[in-house]
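In what follows, a single structure is set out as structure tokens and then discussed.
The values are calculated or read from the model by the stated rules, or taken from the named source; none is laboratory data. What you see is a predicted model; the values in this text were computed from it and never measured. In this analysis, Cβ positions are derived from the backbone assuming ideal geometry, glycine residues included, and neighbour counts consider all displayed protein chains. Ligands, DNA and RNA are stripped out before the accessible areas are found, and what is left, the full protein with its side chains, is counted by its heavy atoms. Shrake-Rupley method; radii C 1.70, N 1.55, O 1.52, S 1.80 Å.
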Amino acid sequence: MSGSLSFLDIIWRVTTAAELALLAILAWHKAFRNYPVFTAYVLSILFQSVGMFFLYRQVNLSSTARWNIAWGTQAAITVMRSLVLVELTYKILARYTGIWALARRLILGVGLCVIAYALAFSRGHSQWVILNMVRGLELALAAVLVTILLFARYYRLPIAPVSRALAVGLCLFSIFYVIDYSLLEKGFKGHAELWNFLGLLTFLASLLLWAAAIILNPAQVEERHAAGISPEAYGKLSAEVNLRLYLLNRQLSQVLNSEERRP
């Protein structure tokens with residue numbers, strides 16, 4: 001068992017080093033200018049990793065105190081991941097104002113539903129509120145990312161390689177997290193160390209995917225948001241979007257604008 005723990009500690013250190021390397025890559029390629037929320041997220045997980053390293057070496061803290069601090073920081077990290085989702089969604093859909101307007105309403109609605117779910121099934125304990133909220137947000141994040149990627153594929157919507165890599169990496173870890181948490185909740189606590197190891201390994205894979213995408217696509221990190229598509233400009237962009245997407249965007253814009261004008 002001690003060998004397993006030491007190996008887990010090694011993976012933890014490697015993951016922390018990868019987080020630091022990713023932050024350096026973001027700074028070197030100036031990707032923080034185009035992905036500020038994602039950069040803040042990477043910085044926050046680096047702080048969390050360092051903080052957890054010292055937290056579990058404090059012999060004077062009770063296990064309850066450690067639990068509260070650890071899951072409190074995890075809840076903050078999950079909120080940051082949700083904000084990265086908003087940033088990526090905006091980058092993909094910003095030029096389609098009608099579709100983006102609907103997407104941000106759906107994301108907000110999903111977030112409120114997750115909070116309501118966490119409060120409703122908290123069993124009267126604040127700890128369960130955090131656990132359910134984190135799992136709910138991770139599940140919602142994975143579902144929204146998969147939907148966006150499928151939507152972009154169906155409508156042949158161009159996505160920059162860096163944005164796609166960020167979305168896939170976030171989705172990969174969120175799916176594993178939900179599976180991991182659900183299995184542990186159903187009585188697999190005896191294998192907690194194994195699941196922690198697999199979780200770190202999955203997150204390490206996401207970190208390497210993000211770093212590789214930024215290194216291999218340096219020009220993409222300097223892209224800027226395109227303006228909304230007008231009917232006059234559609235002909236020039238026909239190679240990037242198809243008629244169905246244009247009509248969907250126009251219809252959504254008209255519907256949402258009419259709702260906003262209602263007294």
In nanometres, what is the gap between the two model label sites at ALA212 and ILE115, each 7 Å from Cα along Cα-to-Cβ? 3.8 nm
So which trypsin sites (Lys or Arg not before Pro) in segment 13-97 end up in coil per DSSP with only 10 or fewer other C-beta atoms within 10 Å? ARG57
Computed accessible area, TYR155, all protein chains, 1.4 angstrom probe, square angstrom: 40 Å²
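Work out how much length ARG104 to ILE77 would gain on full extension: take 0.36 nm times their residue separation and subtract the Cα-Cα distance, in nm to one decimal.
So the extension gain works out to 7.7 nm.
Per residue, how much accessible area does segment 44-115 show when a 1.4 Å probe rolls over the protein heavy atoms, in square angstrom?
Counting only protein heavy atoms, the per-residue value for segment 44-115 is 50 Å².
Kindly sort CYS113, CYS171 by accessible area of their heavy atoms, largest first, with the probe set to 1.4 Å.
CYS113, CYS171
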